[in-house]
1. Is it true that F84 is in contact (Cβ under 8 Å) with a residue 24 or more places away in the chain and either assigned to a loop (DSSP other than H, G, I, E, B) or closer than 19 Å to W206 by Cβ (or both)?
2. Name, by its number, the condition in (1) aliphatic (A, V, I, L, M); (2) open to solvent by 20 Å² or more (accessible area, probe 1.4 Å); (3) more than 23 Å from the chain's Cα centre (by Cα) that does not hold for A53.
3. For T214, are the conditions met, namely being under 16 Å from M159 (Cα atoms), at pLDDT 95 or above, surrounded by fewer than 18 Cβ atoms within 10 Å (Cβ to Cβ) and touching a Lys or Arg at 6+ places or on another chain (Cβ under 9 Å)?
4. In the stretch 240-254, what count of residues is obtained for those that are within 10 Å of V114 (Cβ to Cβ), in a loop (DSSP other than H, G, I, E, B) and either hydrophobic (A, V, I, L, M, F, W, C) or over 14 Å from the mean Cα position of the chain (by Cα) (or both)?
5. Cβ-Cβ under 6 Å, sequence separation 6+ or interchain: first residue in the stretch 228-239 and without any contact (Cβ under 8 Å) to a residue 60 or more places away in the chain, partner buried (at least 16 other Cβ atoms within 10 Å of the Cβ). Which pairs?
6. Please go through the stretch 238-259 and give me each residue that is surrounded by fewer than 20 Cβ atoms within 10 Å (Cβ to Cβ) and out of contact with any Asp or Glu (no Cβ under 8 Å at 6 or more places or on another chain), ordered by number.
7. Could you please find all residues in the stretch 43-96 being of a type in the set (A, V, I, L, M, F, W, C) and either closer than 15 Å to D17 by Cβ or in contact with a Lys or Arg (Cβ under 6 Å, 6 or more places away or on another chain) (or both)?
8. If G291 passes every condition in (1) modelled with pLDDT of 70 or more; (2) open to solvent by less than 30 Å² (accessible area, probe 1.4 Å); (3) more than 14 Å from V114 (Cα to Cα); (4) of a type in the set (G, A, S) but one, which one does it miss?
Amino acid sequence: MPTIPIRKESRKLQPKDIIPLFLSFKAASGLSTRTLRDYKDILSLQFSRFPDALDHPRERTLDFLSSYQNPNSYNKTFAYLKVFWDWTMREGYFRGDRHPMDGLKKRKPRGRIVQLEEKEVARLLQQPNKGTYAGFRDYSLLCLQVDTGIRPGEALQLMPDDFHPEKMDMTVRADIAKTRTPRTLPLAAPTVDTIRKLLTIHPESWKDVPIFATETGTALQEASWSRRVKAYGKKCGLDITAYSLRHAAALLLLRKGADAFTVQALLGHSTMQMTRHYINITNEDARRGHGRAGVILSILGKEAPANQRIRKL
């Protein structure tokens, strides 16, 4: 790629000028709202700690990255900053003489993939108070995550129109999918029943409200949901977060006989590399057939708690 000279006017630009330009470019490229927010948070944090990072990009970026001890956090920040600095070079805003990431590599993650037994998932599903709206909503969302392995951030943006009870599936739209690729998730009967009932207790006044909304009809935030899952887990002796359920679902699917390609499609992995992490843990030959229903049905039985009385909002 030919070298692009530094724009004269860029010498006067400050982080508050360049960050919005970068975010506008990424928004035009089709990035999700959540990813844009992550970019903004990481860049804002770097420039708040090192206001002169534009003038000393390599030195300040090295200082910033050295503060990350967790490999997963480091790798995410590394990837986002590399994209940003690559963009400044292409656009002529870069003021350094060497790429800030030159010679650096991502760290080997020590990721903790949570493994849950069926009996542990069963205990977890018993924790929400299904007689309240919030409790039944949580129960329904737990069922969906265990059944499909959907990402928490994707699940919380699902709308009623994404749910197709007659076809027993859920659509993850491209605009909410992490990979920007839509996918369809088959649902087991108990999951269909709980989500259908959850929607019946949504007040009629709610318009354009997500399936798993708060009591006031606003979007439930991922951090709040993860705290709730963590609290439910603590009550039954499990150290988990909302994302842990994705790990657990993948392993349960494989152990119930789902083949690797089906699990890859359900989880929305862009490559088989991520799916292989789960395959290696099971240490079993993946057998053909999705095996989905076996996971949630073996935990809940063939009937969801359809007769459970829930307090109306």
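The values are calculated or read from the model by the stated rules, or taken from the named source; none is laboratory data. None of these values were measured; they are calculated from a predicted model. Cβ sites come from the backbone with ideal geometry, for glycine too, and all protein chains shown count toward neighbours. For the accessible areas, the whole protein counts, side chains as well, though only heavy atoms, and no ligand, DNA or RNA atoms are used. Shrake-Rupley method; radii C 1.70, N 1.55, O 1.52, S 1.80 Å.
1. Numbers: in contact (Cβ under 8 Å) with a residue 24 or more places away in the chain: yes; either assigned to a loop (DSSP other than H, G, I, E, B) or closer than 19 Å to W206 by Cβ (or both): no.
No, not satisfied.
2. (2)
3. Details: under 16 Å from M159 (Cα atoms): yes; at pLDDT 95 or above: yes; surrounded by fewer than 18 Cβ atoms within 10 Å (Cβ to Cβ): yes; touching a Lys or Arg at 6+ places or on another chain (Cβ under 9 Å): yes.
Against the criterion (under 16 Å from M159 (Cα atoms), at pLDDT 95 or above, surrounded by fewer than 18 Cβ atoms within 10 Å (Cβ to Cβ) and touching a Lys or Arg at 6+ places or on another chain (Cβ under 9 Å)), T214 qualifies.
4. The total comes to 1.
5. Sorted first by the residue in the stretch 228-239, then by its partner, the pairs are K230/T241.
6. D239, T241, Y243, K256, G257, D259
7. Start the filter on the stretch 43-96 by keeping residues that are of a type in the set (A, V, I, L, M, F, W, C), which leaves 43, 45, 47, 50, 53-54, 62, 64-65, 78-79, 81, 83-85, 87, 89, 94.
Passing the criteria: L43, F47, F50, A53, L54, F78, F84, W87, F94.
8. (1)
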